[in-house]
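Notes for the one structure printed next.
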Amino acid sequence: MTKKERFAFVISYFEQHAPNAETELIYDNPYQLLVAVILSAQCTDKRVNLTTPAIFERYPDVEALSHATFEELFPLIRSISYPNNKTKHLIGMAQMVIDDFNGEIPATVPELIKLPGVGRKTANVITSVVHQQPNMAVDTHVFRVSARIGLTTNAKTPLQTELQLLKYIPKEKVYIAHHWLILHGRYICIARNPKCGECGLRPACKYYQQITKAQ
Ligand code: SF4
């Protein structure tokens, strides 16, 4: 199977089986999504979703969050990984959005990555989820699943994975492909013991072909 054929199989499979894949983070607007994505670094979406309602109640918009103090915000996110840094990042992000972006959450990757706590992955998530821009956010699931299936070859960094995926995924499908790969990694192609027996991607998966050949 050529790489092109592999991509075609995977895309067609997900189009049939997960046509409405979307983020599992709960949010109502770009401000809430940005807060949730910053909190989700090294943390599960489930835990973030348990935490954000209290934050959004206390700080309903970016203006309110820009006035938060560390002492007020920290207790609300104490149960999440890296609460110290994340508290500082959230307040810093809100202050910069107010000071430099007229209170509007930026809509481009170069602008978003200027914000504290926002790297390329977070910026790609925001622009693809909110604006459906063809930006591929590569987290640990996307990185692993892409390599196992054989969508990427010898990718050593998330950026290499991102660029290899963008070469083959049609632009208009990039935003949803990100969710396909994340959710597949979260529930089927899990890190330690991938559930190959339940996986519809077997005919196109390099990893599966290797383990069955070895048996
Ligand atoms: S066949 Fe196995 S390794 Fe390949 S994508 Fe499916 S779960 Fe992952």
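Summary of computed values
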quantity: Among 93, 75, 113 - extreme Cα towards positive end, dipole of the stretch 73-120, charges at beta-carbon; calculated: 75
quantity: About the Cα centre, charge dipole magnitude for the stretch 30-131 (Lys/Arg +1, Asp/Glu -1 at Cβ), debye; calculated: 540
quantity: Packing-based ranking, highest mean first, of 207-215, 5-13, 152-160 given that Cβ atoms within 10 Å are counted; calculated: 5-13, 152-160, 207-215
quantity: Residue among 163, 183, 90 with the largest mean-square fluctuation in a Gaussian network model of the chain, springs linking Cα atoms under 10 Å; calculated: 163
quantity: Theoretical ellipticity at 222 nm over the chain - DSSP helices of four or more residues, -39500 (n - 2.57) apiece, nearest 500; calculated: -18000 deg cm²/dmol
quantity: Label-point gap, in nm, between residue 85 and residue 120 - each point 7 angstrom along Cα→Cβ; calculated: 1.8
quantity: Area projected by the alpha carbon convex hull of the stretch 72-184, averaged over all directions, nm²; calculated: 8.0
quantity: Segment residue 57-residue 20, extension gain: residue separation times 0.36 nm, minus the distance between their alpha carbons; calculated: 10.5 nm
quantity: Selected from 203, 34, 176, residue furthest toward positive end of dipole (the chain; charges at beta carbon); calculated: 203
quantity: On Cα atoms only, tilt of 174-187 relative to the major axis of the chain in degrees; calculated: 80
quantity: Anisotropy class of the chain from Cα gyration tensor, a/c 1.5 cut; calculated: prolate
quantity: Among 27, 187, 59: highest mean-square fluctuation, GNM of the chain, C-alpha pairs under 10 Å; calculated: 187
quantity: Charge dipole magnitude, Cβ of K and R +1, D and E -1 - the stretch 139-215, Cα centre, debye nearest 20; calculated: 220
quantity: Theoretical gain in end-to-end length, residue 171 to residue 214 [0.36 nm per residue, Cα-Cα removed]; calculated: 11.8 nm
quantity: Dipole magnitude of the stretch 1-90, debye to nearest 20 (Cβ charges: Lys/Arg +1, Asp/Glu -1, about Cα centre); calculated: 480
quantity: Segment residue 113-residue 206, extension gain: residue separation times 0.36 nm, minus the distance between their alpha carbons; calculated: 30.0 nm
quantity: Three-way shape label, the stretch 30-131, alpha-carbon gyration tensor, a/c 1.5; calculated: oblate
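FYI, it's all coordinate maths here, none of it is from the lab. Predicted model only: the values in this text are computed from it and were never measured. FYI the Cβ positions are ideal-geometry reconstructions off the backbone, even for glycines, and counts take in every protein chain you see.
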